[in-house]
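Here is the structure we will look at.
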Amino acid sequence: MWREFNKFGKKLVQYGLTHSHFGNMSVRVGDKMFITRSGSMLDELDENQVVEVHLHKPTSFDIIASSELIVHREIYKNTSALAIIHAHSPFAIILSLLIDEKEIIPMDSESIYFLHEIPIITGKVGSTELAHNAADALKDHKAVIIKGHGTIAIGKILEEAYVHTCCVEHACKVKYFVDLQNALTRRL
Amino acid sequence: MDWYGWCGKLVDIDLSRRKIQVIPLELDIMRLYLGGRGLGVYLVYNELTSGIDPLSADNVLVFATGPLTGTPVPTTGRFACVSKSPLTGTILDSNCGGRFGPYLKFAGYDAIIVRGASRTPVYIRIADNVISIEDARSLWGKNVRDTTAALKGYGSVLCIGTAGERLVRFASIMNDNTSALGRGGLGAVMGSKNLKAIVVNGSNRPRVYEPNLLRYRNADITRLLVASPVSSKGLRVYGTPVLMNLINYMKVLPTANFRRSTSPHAYELSGEHIHERFEVRLTPCYGCPIACKREIRSSGMEVPEYETLAMLGTSCEVTNLNAIIEVNHLCNDYGMDTISCGATIACYAELNNLQLDPKTLISLVHKIGTRRDVGDELAEGAHRYANKMGHPELSMDVKGLELPGYDPRGVLGMALGYATSNRGGCHTRAYMVGMEIFGKPKLIHRLSWVGKPNLVALLQNIFAAVDSTVMCKFALFSVSEEEIANALSAVTGIDFTSEDFIQVGERIWNLERLFNLREGFTKLDDTLPERFFQEDTDIRRISKAEFMSALLEYYRARDWTKDGIPTHDKLQALSIAGEYSHVA
């Protein structure tokens, strides 16, 4: 199990989808969840940095799990997701801060195909509000952007959640540059 | 002058002469030492001469609040007590929650210093500017609950039980029944002075220099407390017993007097199991949103803390939950430190090759609390008991203070923290469990020495300053010195940067070290019991060579000599004025 976390943790950092210390990942197995530890570095994950917690009730191990555990729990309880990746992808964050809309409509074909629209939600780090907003939005979306914070993507396996994370960042990057070029053209 | 945060006054009570004085404090001293542990260490260092008997009238007891005590800053309803310890002979501070700290502040005082000894039992009553020494003969012989019940009409009650009266060397002082100035035998110092209790009530809130800015700073602290799983999810849900399963999983759970480091019965004593078995009620300290303390709703008995569950439970190899709840209640009522009590009993069991059962454990606690039979020898603590029996190697202590619930073989920063602690075997000086176990503020490798000596020194400084504000250490799982310094500035009107704040802690740490050097402690006392260098458990023994190398690096990090002695230059840089013949 931890090898999957190690593989996608490295990819997330390697491709600039998050920095080493930001973000977390989890996988649901029945009424249990394996989640990265609080304070762990995503590109250096080993077996000691993935912790097992219960899905429906608090356990001792909650205190060493990612501080976004509450968000992961709420998503699993309300969706069919079996894997979650939370990343601090830069273009997703930038775009969420630049626009006032409550969602981003991707312009590129891949992202429209995979994601349709990407909701932008709010809520403080590790808060109940964020957990509810994320779980609610992910009932009919594969990924969301937390305004000024990062992305949450779900999947049936970690790899699918990783694909959705890539898609969100790609969509935001494309939209950012297209919007920028349009703005420059208008000015000219 | 106008004081903000502080009250600017100290109550000086001489029990021998039955003399009470209210003395103004100097702002320069408060700026350098803050209050709480810092002020207490400053006063005790300057009041005592070396070699005095801690249980004589020559010793003093300082009870001190901090500039944040009783303010709206979260988790600051605390105060400290400092004295020379009858268990270790070191300087020793302990701090606790409850209501005594805020109430003392509301009465208008930053601290109380108690000196001398009364010929007959007395208690001290403080209600704003009315301070009196009262007859306590009718209370002598009563335990904590009865004493508290008798005096609670006068305010928050700080008292000793019969353990303190009988000079049990690890007797504690209890606040409002369940909050303990637990470690090092401060209750015995109180007992030696024939001081049964101090009761305090007050009617004025401390002034805050910038209330609007403080509201903003508090919102910052609260946001971090909510975001951290340790404070908002773990401790809030299960209290400190949340640690039991986790520490067992990490293979650092003291079992059978540290002969093993895991227990197959840990779950029986875990937070999860306690909550399955009992309906509990939160009993938070004053002004604390974390609310880690709790009691069993049906019986009103306290849910034991993790340290108690480990040291009276797995370390004594008694994992019957009902028995541990009972002995915890007994220790609180006699007024005894559950860590030292458990560690001493575990030492006794190993030394006599005994397999303890719940009944025997309960009986031993009664015997220690009353100094009956073997309890009289055990009341001296593990170090003295094991030495007397000719087996000093079976006492798991540092500088005479019994080790708490983390096996140092599996947390090397904690190992160095234990060895270099100024008050002996204590986990809360550098509190490396935060980084090595919880990953707060950053997860570090617990089986590596790399970077640990510097880190231990830095965290010891930070926690010494935190203990002087007086904020709860658990808040440090979420907030940093930056947020605390910001709150301190808003409360006092004095600009404290993070670096100023850390330097306060470093000053306190060095002054504590000077006290211990003056008492004859040396670098040879900065070590661990041989068991941890000689025996493997699920985790390998500690390499002595690596430990010694880390210790030298620690001395360098502190700018001390290779013999662990602060230099004149260091003391001058820390504004520790005065003549110290024992420095390099």
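Among the lysines, which have Cα under 29 Å from the Cα of B:Lys105 when same-chain residues fewer than 8 positions away are ignored?
Excluding near neighbours in sequence, the set is B:Lys9, B:Lys19, B:Lys84, B:Lys142, B:Lys152, B:Lys193, B:Lys196, B:Lys293, B:Lys473.
For a distance above 36 Å, tell me the whole-number percent of Cα pairs in the protein assembly as shown that qualify. Please list the in-between numbers first.
On the way: 134237 of 297606 pairs.
Above the 36 Å cut-off, the protein assembly as shown has 45 percent of its Cα pairs.
Cut-off is 10 Å between beta-carbons; in what order do B:Ile444, B:Ile112 appear when sorted fewest neighbours first?
On the way: B:Ile444 17, B:Ile112 25.
Fewest to most other Cβ atoms nearby, the residues stand as B:Ile444, B:Ile112.
What residue among B:Pro72, B:Thr147, B:Ile91 has its Cα farthest toward the positive end of the dipole of the protein assembly as shown, where the charges are +1 on Lys, Arg and -1 on Asp, Glu, each on the Cβ?
B:Thr147
In a shell of Cβ-Cβ distance under 14 Å around B:Val318, excluding B:Val318 itself, what net charge do Lys and Arg (+1) and Asp and Glu (-1) give? It would help to have the intermediate numbers written out before the result.
Details: positive: B:Lys359; negative: B:Glu268, B:Glu317, B:Glu326, B:Glu350, B:Asp357.
Once all neighbours under 14 Å are counted, the net charge is -4.
Run down the lysines and flag those whose C-alpha is under 16 Å from the C-alpha of A:Lys32, throwing out any fewer than 8 positions away in its chain.
A:Lys57, A:Lys77, A:Lys156
Among all the aspartates and glutamates, which ones have a C-alpha under 20 Å from A:Lys139's C-alpha, if same-chain residues fewer than 8 places away are not counted?
Candidates past the 8-residue exclusion: A:Asp31, A:Glu68, A:Glu74, A:Glu101, A:Glu103, A:Glu117, A:Glu129, A:Glu159, A:Glu160.
Show the residues, 5+ positions off or on another chain, whose built amide H is closer than 5 Å to the amide H of A:Ile121.
Amide H neighbours of A:Ile121, under 5 Å, 5+ apart: A:Ile145, A:Ile146, A:Lys147.
For B:238-247, what's the mean count of beta carbons from other chains sitting within 10 Å of each residue's beta carbon?
Working: counts 5, 0, 0, 1, 6, 2, 1, 3, 7, 1.
Per-residue shielding by partner chains comes out at 3.
Amide H of A:Ala83 versus every other amide H placed in the peptide plane: which residues, excluding those fewer than 5 positions away on the same chain, fall under 5 Å?
Under 5 Å from the amide H of A:Ala83 lie the amide H atoms of A:Arg28, A:Gly155, each far enough along the sequence or on another chain.
Which whole-Hz couplings ³J(HN,Hα) result when phi for each residue of the stretch B:42-52 is put into the Karplus expression 6.51 cos²θ - 1.76 cosθ + 1.60, θ = phi - 60°, listed in order with x for Gly and Pro?
Running phi through 6.51 cos²θ - 1.76 cosθ + 1.60 with θ = phi - 60° gives 4, 5, 5, 4, 7, 7, 9, 9, 5, x, 5 Hz.
Of the trypsin sites (Lys or Arg not before Pro) in the stretch B:101-187, which ones lie in a loop per DSSP and count no more than 14 other C-beta atoms within 10 Å? Each step should come with its number before you reach the end.
Working: sites: B:Lys105, B:Arg115, B:Arg119, B:Arg125, B:Arg137, B:Lys142, B:Arg145, B:Lys152, B:Arg166, B:Arg169, B:Arg183; in loops: B:Arg119, B:Arg137, B:Lys142, B:Arg166, B:Arg169.
When the trypsin sites (Lys or Arg not before Pro) of the stretch B:101-187 are filtered for loop state and at most 14 Cβ neighbours within 10 Å, B:Arg119, B:Arg137 remain.
What does the C-alpha gyration tensor say about the overall shape of chain B? Classify as rounded when a/c is under 1.5, otherwise prolate if a/b is larger than b/c, or oblate.
Here chain B falls in the rounded category.
Based on the alpha-carbon set only, what is the convex hull volume of the stretch A:2-187 divided per residue, in Å³? Working shown, then result.
Details: hull volume 19.0 nm³, N = 186.
About 102 Å³ per residue, rounded to a whole number.
Assigning unit charges at the beta carbon (Lys, Arg +1; Asp, Glu -1) and nothing else, what dipole magnitude in debye, to the nearest 20, does the stretch B:313-401 show about its Cα centre? Can you show the working numbers first?
Details: 7 positive and 12 negative charges, 32 e Å.
Dipole magnitude for the stretch B:313-401 comes out near 160 debye.
Normalising by the residue count of the stretch B:9-201, find the relative contact order in percent from Cα pairs under 8 Å and 6+ residues apart. Intermediate values should be presented prior to the final figure.
Working: 508 pairs, mean separation 43.6, N = 193.
For the stretch B:9-201, the relative contact order is 23 percent.
Starting from the Cα coordinates of the stretch A:128-188, work out the convex hull volume and express it per residue in Å³.
98
Given Cβ point charges of +1 (Lys, Arg) and -1 (Asp, Glu) and nothing else, what value in debye, to the nearest 20, does the dipole of the stretch B:473-584 about its Cα centre take? Please report the intermediate quantities before stating the final value.
Details: 13 positive and 21 negative charges, 73 e Å.
Value, rounded to 20: 360 debye.
Please arrange A:Thr59, B:Thr492, B:Thr338 by how many other C-beta atoms lie within 10 Å of their C-beta, fewest to most. Walk me through the intermediate numbers first.
Details: A:Thr59 22, B:Thr492 25, B:Thr338 29.
Lowest to highest Cβ neighbour count: A:Thr59, B:Thr492, B:Thr338.
Using the Cβ atoms and a cut-off under 10 Å, what net charge is assigned to the surroundings of B:Val252, where Lys and Arg are +1 and Asp and Glu are -1?
Neighbourhood net charge equals 0.
Taking θ = phi - 60°, what integer Hz values does the Karplus form 6.51 cos²θ - 1.76 cosθ + 1.60 yield along the stretch B:136-149, in sequence order, with x for Gly and Pro?
Result, rounded to whole Hz: 10, 4, 6, 8, 5, x, 8, 8, 5, 5, 5, 5, 5, 4.
From Cα pairs below 8 angstrom and at least 6 apart in sequence, can you work out the relative contact order of chain B, rounded to a whole percent? Please report the intermediate quantities before stating the final value.
Values: 1422 pairs, mean separation 92.2, N = 584.
With pairs under 8 Å counted, the relative contact order is 16 percent.
Going by amide H atoms built from the backbone, whose H comes under 5 Å of the H on A:Lys32, apart from near neighbours?
Correct list: A:Leu55.
How do the peptides A:131-140, B:82-91 rank, highest first, by the average count of neighbouring beta carbon atoms within 10 Å per residue?
Details: A:131-140: 18.7, B:82-91: 27.3.
Going by the mean number of other Cβ atoms within 10 Å, highest first, we get B:82-91, A:131-140.
Could you give each residue of the stretch B:234-251 its phi-based ³J(HN,Hα) in whole Hz, using Karplus coefficients 6.51, -1.76, 1.60 with θ = phi - 60°, and x for Gly or Pro?
These are the phi-based 3J(HN,Hα) values: x, 5, 5, 7, 10, x, 5, x, 4, 6, 4, 5, 5, 5, 5, 4, 7, 6 Hz.
What is the fewest-to-most order of A:His56, B:His329 by other Cβ atoms lying within 10 Å of their Cβ? Intermediate values should be presented prior to the final figure.
Numbers: A:His56 10, B:His329 20.
Starting with the residue having the fewest Cβ neighbours, the order is A:His56, B:His329.
Bear in mind these aren't lab numbers, they're just calculated from the coordinates by the rules spelled out. Values in this document were obtained by computation on a predicted structure and should not be read as measured data. With ideal geometry, Cβ positions are generated from the backbone for all residues, glycine too; neighbour counts draw on all protein chains shown.
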